1. Show me, for segment 164-179, the HN-Hα J-couplings you get by feeding each phi into the Karplus relation (A = 6.51, B = -1.76, C = 1.60, θ = phi - 60°), rounded to Hz, glycine and proline as x.
2. In whole Hz and in residue order, list the ³J(HN,Hα) couplings for segment 193-206 that follow from phi through the Karplus curve 6.51 cos²θ - 1.76 cosθ + 1.60, θ = phi - 60°; x for Gly and Pro.
3. Each residue of segment 186-192 in order: what ³J(HN,Hα) in whole Hz does its phi give by Karplus 6.51 cos²θ - 1.76 cosθ + 1.60, θ = phi - 60°, with x for Gly and Pro?
4. Please sort by residue number the GluC sites (Glu not before Pro) in segment 132-184 whose DSSP state is loop and whose Cβ has at most 14 other Cβ atoms within 10 Å.
5. Stokes-Einstein diffusion coefficient for segment 104-206 at 37 °C in a medium of 0.692 mPa s, Rh from the Kirkwood formula over Cα pairs: what value in µm²/s?
6. Between residue 240 and residue 355, how many nm apart are label points set 7 Å from Cα along the C-beta direction?
7. What is the local net charge at residue 160, summed over the other residues whose Cβ is closer than 12 Å to its Cβ (Lys, Arg +1; Asp, Glu -1)?
8. Rounded to two decimals, what is the ratio between the C-alpha radius of gyration of segment 229-364 and 2.2 N^0.38 Å?
Amino acid sequence: MGEQVPVSGQPQPERPAPAPPDGRAGRILWAVAAGLAATALLLAQRASGGRGSFQNLPTPIPVSGDGGAQIDVPAPAEVHGYAAIQRQAAPNTTRTGTDRYQAVAYTVEYGDSLFSIAQTFRIQPESLLWANEEVLGGRPDLLEPGMHLNVPPTDGVYYRWREGDTLEAVAEKFSAEAAAIIDWPGNPIADLTNPSIPPGVWVMIPGGIGEFQQWVFPDIASAGQGVSNELLGAGACSGDFPAGNGSGIFVWPSPIHSVVGNDYWDGHRALDIASGEGIGVYAADNGVVLFSGWATGGYGYMVYIDHGNGYSTLYAHLSQVSAQCGQLAAKGQVIGTGGSTGNSSGPHLHFEVRFQGGFLNPWQVLPPP
Ligand SMILES: [Zn+2]
C-alpha cells in the first residue's frame with residue numbers, strides 16, 4: 001500500500017509559494033508543497049476514475065479550478081482508511097431452500113452425507129433422499145463421492161414425470177394436493193387452465209411425502225438361535241450363546257463424541273459418529289456378540305451386540321473387528337476399529353440402537369457428549 005501522506009487541513013488549489021527565508025524553512029515548505037502535490041495527484045486519480053486500491057471509494061468530488069468555490073474534500077488520511085478495509089467477495093454464500101424454484105445439481109464429495117448436504121441447502125434430508133430415488137433407491141448409505149445429486153428447491157418430492165402420469169394420481173401417490181404442483185412457480189406448466197406435464201420433465205411436489213426403502217439389518221434373535229451367513233454375511237454367528245447382561249446405561253461407542261455424517265432421521269435410523277482407521281470402537285453396554293465380521297447390505301465389517309434387556313446395538317463400517325462370536329463384551333470394551341468399509345462416503349462409525357426390535361434414536365440413550 002502507498003505511504004501515508006500527512007496533510008494538515010484541507011487541500012487548497014495551487015498557489016505560488018513565497019520565497020524561502022532560509023534553507024531549513026525552505027525544505028519544510030518544499031515538503032509541505034510536495035505533500036499537497038501528492039494529495040492533488042490522488043484527487044486527480046480519483047476524479048479520472050483511477051483504478052487500483054481506490055476504485056471502491058465514494059464518488060469523487062471534482063476539485064474546482066481558478067476562482068472556484070471552496071469544496072469540502074475528505075482528508076487523505078481517511079482515503080487510506082477506506083482503501084484498507086476493502087470488502088472481500090463472498091462466493092460461498094449459503095443458499096436457502098426458499099430463495100429458488102429450481103433444483104440445483106450437487107456432486108458428492110468425500111466425507112459428505114445426505115444429512116450434511118441437506119443441512120447446507122437448508123432442506124430436510126428426506127427431501128434430498130426422495131429427489132435422488134433413481135441413484136439412491138431410498139437408501140442414504142448408498143451415497144458415494146462423485147455421485148451427482150438433484151438438490152430440490154424446497155421440501156417435498158422432486159419427481160421425474162412418467163408416461164401416463166396424471167396430476168391427481170401423482171399428487172395422491174405422494175400425499176400432496178394437485179394444486180400444490182400446479183402452483184409451484186418452478187414447475188413447467190404452460191397452460192394453467194389445462195395443466196399437463198410431458199413425460200421426462202422434473203416436477204417439484206411441495207410438501208409431498210415419498211417412501212423409505214432403507215435396507216435394514218434384521219434384528220438377530222438372541223441366545224441359541226444361529227443366523228444364516230448367506231443372508232447376513234460372513235460375520236453371522238451360530239451356536240448357543242449366553243444371555244447378554246446389559247445395565248441399560250450406555251457409554252459412547254467411540255472416544256470422539258460427535259456426529260460426522262448422518263444424524264438420526266427417518267431415512268437413517270442411526271448416528272454416524274466420528275471415528276477412523278485405528279480408533280477404537282467400544283461396546284456401548286455389556287452384552288453378547290451375535291455378529292462379528294463382514295455383513296451384507298453395505299454395512300461392511302460389523303458387530304452386533306444383544307444386551308439381554310431388550311436393547312441391542314450395531315456398529316458398522318469398521319476397518320476390522322476384534323469381538324468373537326458368542327463373546328460377552330463388557331461395556332467400554334474394544335470390539336473393533338473404525339473405518340469406512342461397505343457403503344460409506346468417509347470414515348465413521350454407523351451406530352444403531354434397537355429396543356425390542358424397533359429403532360431408537362441413540363441420542364435418547366447415550367450420555368451427553
Ligand atoms: Zn450411517
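Any read-out appearing in this document is the output of simple, stated calculations on the displayed coordinates, not a laboratory observation. Values in this document were obtained by computation on a predicted structure and should not be read as measured data. Note that we place each Cβ from the backbone using ideal geometry, even for glycine, and neighbour counts take in every protein chain shown.
1. x, 5, 10, 4, 5, 5, 5, 4, 5, 4, 9, 6, 10, 9, 4, 4
2. 7, 9, x, 9, 10, x, x, x, 7, 7, 10, 8, 10, x
3. Once rounded to whole Hz, the list reads x, 7, x, 10, 6, 9, 5.
4. Working: sites: 133, 134, 163, 168, 172, 177; in loops: 163, 177.
Sparse-neighbourhood loop GluC sites (Glu not before Pro): 163.
5. Details: Rh = 14.3 Å.
Stokes-Einstein gives a translational diffusion coefficient of 230 µm²/s.
6. It is 3.2 nm.
7. Values: positive: 162; negative: 133, 134, 163, 165.
Net local charge, residue 160 excluded: -3.
8. Working: Rg = 13.2 Å, N = 136, 2.2 N^0.38 = 14.2 Å.
In units of the globular-protein estimate, segment 229-364 measures up at 0.93.
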